[in-house]
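The values are calculated or read from the model by the stated rules, or taken from the named source; none is laboratory data. Since the model is a prediction, treat every value here as computed from it, not as a measurement. Glycine also receives a Cβ, built like all others from the backbone with ideal geometry; neighbour counts cover every protein chain displayed. Just the protein is used for accessible areas: all its heavy atoms, side chains included, with ligands, DNA and RNA removed. Shrake-Rupley method; radii C 1.70, N 1.55, O 1.52, S 1.80 Å.
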Amino acid sequence: MTRHQPTVGVVGAGQLARMMAQAAIPLDIHLLLLAADADDGAAQVCPDVVVGAPDDPASIREVAARSDVLTFDHELVDPALLAALEAGGVIVRPSAAEMALAQNKRRQRAELGAAGIPVPPFRDVDTLDDLLDFAGEHGWPVIAKAARGGYDGRGVWRLESEAEARALWSDVADRGLKLLVETCLELDQEVAVLVARRPSGETAVYPVVETVQRDGILHELIVPARISNDQRDEAVRIATAIAEQIDAVGILAVELFVSNGKISMNEIAPRPHNSGHWSIEGAVTSQFEQHLRAVLDLPLGATAMTGPAAATVNLLGSPDGSDPRTRLGAGLSVPGAHIHFYGKMARPGRKIGHVTVVAATPDEALARARDAAEQLIGEAGSK
């Protein structure tokens with residue numbers, strides 16, 4: 001009797017693919033990775049790896065040919081290539097169309113806004129006058145964003161004056177970047193919602209997560225988000241509507257602003273997401289297992305929490321350049337601390353892992369997760 005073991009090809013071999021590999025083991029799902037480097041975090045723990053660039057058609061075609069379905073741990077793939085693979089019969093989840101939308105913040109604002117999704121006031125910026133006219137209409141400061149690329153605060157600029165706008169435009173015009181500009185909202189909080197969706201349309205929604213950003217980098221998250229029940233319902237409504245509008249498959253992360261009590265969309269990511277790492281210990285079905293279920297068109301799992309509250313603190317490289325892994329014992333001494341390292345070399349400010357704690361209250365979970373992070377990287381590096 002032959003054994004059927006589905007193969008999921010994953011473009012990218014970073015920490016998301018690494019945690020996807022952990023979720024694949026009990027389901028006997030085989031992962032085939034396309035890694036940019038043989039030392040990438042997931043490539044260290046997966047035996048089946050193709051080394052090649054994510055923009056190399058030959059490498060992606062090799063992985064696709066050996067897989068039942070192709071998925072991703074980042075968005076650095078040419079949607080035109082993915083569309084060509086789909087035309088040739090390759091199952092790509094999320095689809096080329098979903099990936100193209102996720103890569104273009106201008107399109108996200110315009111198309112989802114037109115579909116009724118609340119978005120901040122914005123304008124595409126093709127000239128300096130576009131930027132200055134928007135600021136004249138809405139007032140300084142404004143937020144300028146690169147239409148493509150950018151993460152962890154990169155590609156986002158807070159502009160306080162015309163002088164700053166002119167300086168930025170001079171820089172980005174030389175580099176050929178396309179921008180959009182939006183109002184600078186007074187934020188009450190930032191939150192995120194993860195929606196899992198199968199090709200059949202079956203969906204599963206995780207509890208709303210409160211995210212704490214510093215300098216554009218996610219440092220902490222708390223579940224459930226400390227917002228009103230009405231705000232939670234609205235966040236879930238928006239995220240679910242987006243997933244249906246774009247025919248999402250897999251995990252879709254929807255980042256949202258809470259400003260003056262109202263919810264609006266920030267951006268989307270069509271893959272497992274930093275805001276869902278808590279789900280490994282904190283939910284019945286982790287986002288990584290859920291993503292694999294969804295892309296293979298398997299029944300989705302429960303998203304209920306395993307405890308009343310959970311918190312995650314990201315581990316950034318210590319300011320002194322030392323390796324937090326040398327202090328693993330100290331971190332594990334904190335009751336209930338679940339530590340995840342990503343197989344990355346430590347350097348100051350680099351995201352190298354996270355700690356999750358499930359507890360009776362959000363404050364207790366966050367306090368213990370912070371304690372474990374401080375034990376690992378020092379107080380200056382965790383706050």
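Here is how the numbers come out for the structure above:
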quantity: Residue tally, condition assigned to a loop (DSSP other than H, G, I, E, B), out of contact with any helix residue (DSSP H, G or I) (no Cβ under 7 Å at 6 or more places or on another chain) and within 27 Å of ARG350 (Cβ to Cβ), over the range 23-47; calculated: 8
quantity: Residues satisfying the stated conditions in the range 9-22, i.e. part of a helix (DSSP H, G or I) and either touching a His at 6+ places or on another chain (Cβ under 6 Å) or in contact (Cβ under 8 Å) with a residue 60 or more places away in the chain (or both); calculated: GLN15, LEU16, ARG18, MET19, MET20, GLN22
quantity: Residues that are free of Cβ contacts under 8 Å to residues at least 24 places away in the same chain and part of a loop (DSSP other than H, G, I, E, B), drawn from the range 321-349; calculated: ASP323, MET345
quantity: Residue count for the range 120-138, restricted to those that are part of a loop (DSSP other than H, G, I, E, B) and free of Cβ contacts under 8 Å to residues at least 40 places away in the same chain; calculated: 1
quantity: Which listed residue is open to solvent by 10 Å² or more (accessible area, probe 1.4 Å) and over 30 Å from LEU298 (Cβ atoms), from ARG154, ARG197; calculated: ARG154
quantity: Answer residue from the range 8-27, given it is among the β-branched types (Val, Ile, Thr) and more than 16 Å from the chain's Cα centre (by Cα) and is nearest to ASP78 (Cα to Cα) among those; calculated: VAL8
quantity: Strands (runs of 3 or more DSSP E) (entirely within the range 209-297) containing at least 3 residues that are touching a His at 6+ places or on another chain (Cβ under 9 Å) and buried (at least 21 other Cβ atoms within 10 Å of the Cβ); calculated: 250-259
quantity: Of the criteria (1) open to solvent by less than 40 Å² (accessible area, probe 1.4 Å); (2) closer than 21 Å to GLY276 by Cβ, which one PRO141 fails; calculated: (2)
